[in-house]
Every structure is written in C-alpha cells, then in structure tokens.
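Report on the structure given below.
The values are calculated or read from the model by the stated rules, or taken from the named source; none is laboratory data. Just so it is clear, the structure is predicted and the values come from calculations on it, not from any experiment. Virtual Cβ from ideal backbone geometry, glycine too; neighbours counted across all protein chains shown. In case anyone asks, the SASA skips ligands and DNA or RNA and just uses the protein heavy atoms, side chains included. Shrake-Rupley method; radii C 1.70, N 1.55, O 1.52, S 1.80 Å.
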Amino acid sequence: MAAVRKAAPGAGSEMGPEYKRAGHVLLHAPSPSKLFGRVPIRHVVLMQMRFDGCLGFPGGFIDAKDGSLEEGLNRELAEELGPGASACYVTENDFISSWVMESPRKIVGHFYAKRLSLGDLEQLEGGAVHAKDHGLEVMGLVRVPLYTLRDGFGGLPAFLCNNFIGSAKEQLLEALGCLGLMPQNKLEEAVRASQK
Ligand code: GTP
Ligand code: MN
Ligand code: MN
Ligand code: MN
Ligand code: MN
Ligand code: MN
C-alpha cells in the first residue's frame, strides 16, 4: 500500500494545485437480520469491489467543473451507484477525516459516512446494477460482515484480509469505531484475528 497520512479536516484547496482531490463515503443502515438465525448482522455497511480488484468506498476524484467537494462526491455517487444515490446526498455534516497520498500520485482525499434507513439502502443496492459505471469502474457493491464466526476467523477478520485501495481499510476500521457500528473491543479482536 502506498504511504498515506491523515490530514486536517478540509485540507485540499490550500495544499496546492498539484494535489488532486477525492471524496469517498461509507453508507450504512441498521439491520435486524440474523445470519443462520443466530448471528446478528447489526448494520449493513457498504463497500465496493473496484475495477482493479481492490475493495474501496464509493466516490472518486473531484473535477474542476464540480462546484464543491460535496458536489463532486455526489456526482461520483450518481455515476457509481446510479440514480438511487440521490437518496443519500452527502453533505459537510457527514465528514469524518482526510488523508494525503504523496506517491505514486499526489492526492488529498476526504472521507464521509452517512446513515440511511435500511429501506433506502436496499433500494440503492437494487438500483446500483443500473449505474453508469456498473461493470466498469465498479464490479459490485459488497456488505462488510461485522461479526466473527465460531472459528475465530470467518466474518470480519477474513474480510480484512482482502486487498484494499489506499487507506480504505483504515477508514473502514476508523468509521466502525467512531460511528459505534461495532464495540471497540470486538473491533480490536477482529483486527488481531485477521493478522494471525
Ligand atoms: P476515475 O473516474 O477512473 O478517475 O475514478 P474515480 O474518479 O472514481 O476515482 P477513485 O474512486 O478511483 O478514487 C481516486 C483515487 O483515490 C484512487 O486512485 C485511489 O488512489 C484513491 N481511493 C479510491 N477509493 C478509495 C477509498 O475508498 N479510500 C481511500 N483512502 N482512497 C481511495
Ligand atoms: Mn444457505
Ligand atoms: Mn468514479
Ligand atoms: Mn470511484
Ligand atoms: Mn471520476
Ligand atoms: Mn470515472
């Protein structure tokens, strides 16, 4: 993975024109479902399988013609998730953190998270196959398993062994903790189990 460091909120415009800006979002919804009738799903958390075989979040580069960071991010969501993305319009209030990559390209990225109702999220998932970039930049949406199975590895630990783009894995872990989608001790346990 390329070296990525955290940046101050709003970093980007003041970092100079050599930095391309990007925005990505974690979409989530509470879920009452139980896997096999016994393992609570707790929350649906969406990531995407990208064209390059890595997991990442929906979003992308902010273009010069985008009026603002959030406008660019919402344009990317429409391209990658389809028209249903209008149900999850991301605003400044959904901001979580920023990151900077120096190589191979200079990028400053902004990470957001937004909670949807389960109905809205499922509608978005259903419509995503009609998105402009479906099958091109985006190979499909995936839900992140937030549980660990009895073998101590299946579920989140195994999921964390996938390849992630940039700092997407760190962003996932940060958001799961700070949004309270998983208890901190369970999160740390899953990270340890994924490293064994
Ligand atoms: P193009 O239209 O092909 O340029 O793609 P895009 O605009 O959708 O851009 P993309 O989503 O690939 O994001 C731009 C850059 O940000 C990527 O080249 C990665 O380096 C990085 N990136 C992509 N997804 C994530 C993510 O979820 N987290 C982090 N930290 N970085 C990401
Ligand atoms: Mn079955
Ligand atoms: Mn895109
Ligand atoms: Mn993208
Ligand atoms: Mn793009
Ligand atoms: Mn594109």
Task: the range 179-196, residues that are small (Gly, Ala, Ser) and in contact with a strand residue (DSSP E or B) (Cβ under 8 Å, 6 or more places away or on another chain) - done: 190, 193
Task: Hits in the range 38-47 - residues which are open to solvent by less than 60 Å² (accessible area, probe 1.4 Å) and either hydrophobic (A, V, I, L, M, F, W, C) or out of contact with any Leu (no Cβ under 8 Å at 6 or more places or on another chain) (or both) - done: 39, 40, 41, 44, 45, 46, 47
Task: Any hit, the range 51-58, residues being in contact with a His (Cβ under 6 Å, 6 or more places away or on another chain) and either of a type in the set (D, E, K, R) or closer than 30 Å to residue 155 by Cβ (or both) - done: yes
Task: Residue selected from the range 162-172 under the condition within 11 Å of residue 191 (Cβ to Cβ) and not acidic (Asp, Glu), by the criterion most open to solvent (accessible area, probe 1.4 Å) - done: 169
TODO: From 82, 135, grab the single residue that is over 30 Å from residue 186 (Cα atoms), within 16 Å of ligand 6 (Cβ to nearest atom) and free of Cβ contacts under 8 Å to residues at least 24 places away in the same chain.
DONE: 135
- [ ] Starting from the range 48-72, keep only residues that are open to solvent by 20 Å² or more (accessible area, probe 1.4 Å), then list their pairs with residues that are β-branched (Val, Ile, Thr) and away from ligand 4 (no atom under 14 Å from the Cβ) whose Cβ atoms are within a distance under 9 Å, requiring at least 6 positions of separation or different chains.
- [x] 49/142; 70/91
Open item on the list: One residue is enough: does the range 138-145 have a residue meeting the conditions in contact with a Lys or Arg (Cβ under 8 Å, 6 or more places away or on another chain) and assigned to a strand (DSSP E or B)?
Closed with: yes
- [ ] Kindly indicate which of 105, 75, 38 is touching a residue at least 40 places away in the same chain (Cβ under 8 Å) and either more than 13 Å from ligand 1 (Cβ to nearest atom) or basic (Lys, Arg) (or both).
- [x] 105
Task: Selected residue (only one of 73, 26, 35 is more than 16 Å from ligand 6 (Cβ to nearest atom) and in contact with a strand residue (DSSP E or B) (Cβ under 6 Å, 6 or more places away or on another chain)) - done: 26
- [ ] Could you tell me which of the residues 53, 67, 60 is within 13 Å of ligand 5 (Cβ to nearest atom) and not aliphatic (A, V, I, L, M)?
- [x] 60
Open item on the list: Being open to solvent by less than 20 Å² (accessible area, probe 1.4 Å) and not in a helix (DSSP H, G or I) narrows it down to one residue among 175, 113, 190; which is it?
Closed with: 113
